[in-house]
Amino acid sequence: MRLVIALLVCWLAAVGGLGAASPASPSRLERVQLFGREYVRLADWAKANKLTIVWPRSSEVIELTNRWTRLAFTIDSRKAELNGVKVWLSVPIAAHQGAAFIAPLDLRSAVQPVLAPPRNRPGAKIRTVCLDPGHGGKDPGNLDRGRQEKKYTLLLAQEVARLLKNAGLSAPLTRKTDRFIELEERAAIAKRNGADLFISLHFNTVLAANSEAKGVEVYCLTPAYASSTNARGEGANTGAFPGNRHDDKNMLLAYQLQKALIRNLPMEDRGVHRARFGMFRSAQMPAALVEGGFMSNPGDARRIYDAASRRQMAKAIVDGVLAYKRLVERGG
């Protein structure tokens, strides 16, 4: 039976509502080799961050408590929750001889960007957000009874762009019409426009007739030497791409987008995922991809095709962008 670990961490409020002290670096903790992977003891990480740990022997739950933040992990699983938002780790949480273990890679690339968000250099502001309506031209994307994904990604992008401009930001699109663009060219368009962020917009589907898959999810680039969320453990030998220079900000952007989507929409939280999509690999700025629901799910589909619901989704995306902007610009 899987052991669920509930981890509650807090830090004092500072500028932007962040903690006064950053979480201790996992590089200072003793490394342990388990099941062919490198881990650190979760209890050691808790102690280094002055957290109180409670794990009754009769209980399946470990709690590290303070006041503000709640993280939840599951043994033998990559699923986690950070402040109520699902996040997929790169390596499963492990248990050995009565102790729980987490990969330093996940502390560094998933947990710490959320608990101690990175900052832009002084004076560097988020001014331009390049929006990428998925598919186009000869590539219709997913299909649903004659409806083509490429149409609805463009409609959503246009609404997001309008709201971003109302917020004082520039919002160029990789395509304004129904035309095909290669993945790598989309990232190049963002660079030519001097974009500070790149956000690709898509909708999901599943082919299985009896599938109940639904909800929203956001992707960002897989860290170097880690397996992507849907790769079934493969790809862990893949090195770094140019886009990996922004790993911490990629994660923070994806997290803030997912957080805003699930808190503003009546849709299931499918979490923050990792992938090595072509436009991620070559992106010269923090990048994320939003999957705004399943065209194959009747409930999600109604929201995708309805203009008022798309406006609500667009507002949530903009809320996520503005939350990210506030965090990385704090103190600058």
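Residues of segment 230-275 being free of Cβ contacts under 8 Å to residues at least 60 places away in the same chain, of a type in the set (Lys, Arg) and either touching a Phe, Trp or Tyr at 6+ places or on another chain (Cβ under 6 Å) or over 16 Å from Gly215 (Cα atoms) (or both), which ones?
Arg232, Arg245
Going by the structure shown, is Ala161 assigned by TED's automatic domain parsing to the domain that holds Asp306, in a helix (DSSP H, G or I), among the small types (Gly, Ala, Ser) and in contact with a Leu (Cβ under 9 Å, 6 or more places away or on another chain)?
In short, yes.
Quick one: is Lys191 buried (at least 18 other Cβ atoms within 10 Å of the Cβ) and among the basic types (Lys, Arg)?
No; evaluated as a whole, the condition is false for this residue.
Which of the residues belonging to segment 119-140 are touching a residue at least 60 places away in the same chain (Cβ under 8 Å) and acidic (Asp, Glu)?
Scanning segment 119-140 gives a single hit, Asp132.
For segment 195-252, what are the residues that are crowded, with 21+ Cβ neighbours inside 10 Å and of a type in the set (Val, Ile, Thr)?
Ile199, Val216, Val218, Thr222
Could you list, in sequence order, the residues of segment 118-135 that are part of a strand (DSSP E or B) and either buried (at least 23 other Cβ atoms within 10 Å of the Cβ) or basic (Lys, Arg) (or both)?
Once the filter is applied, which keeps residues that are part of a strand (DSSP E or B) and either buried (at least 23 other Cβ atoms within 10 Å of the Cβ) or basic (Lys, Arg) (or both), segment 118-135 yields Val129, Cys130, Leu131, Asp132, Pro133.
Given the conditions (1) under 15 Å from Leu252 (Cα atoms); (2) in the same structural domain as Ala288 (by TED's automatic domain parsing); (3) not hydroxyl-bearing (Ser, Thr, Tyr), and given that Gly134 satisfies all but one, which numbered condition is not satisfied?
(1)
The values are calculated or read from the model by the stated rules, or taken from the named source; none is laboratory data. As the structure is a computational prediction, the values presented were derived from the model and not from experiment. As a convention, Cβ positions derive from the backbone with ideal geometry for all residues, glycine included, and neighbour counts pool all protein chains shown.
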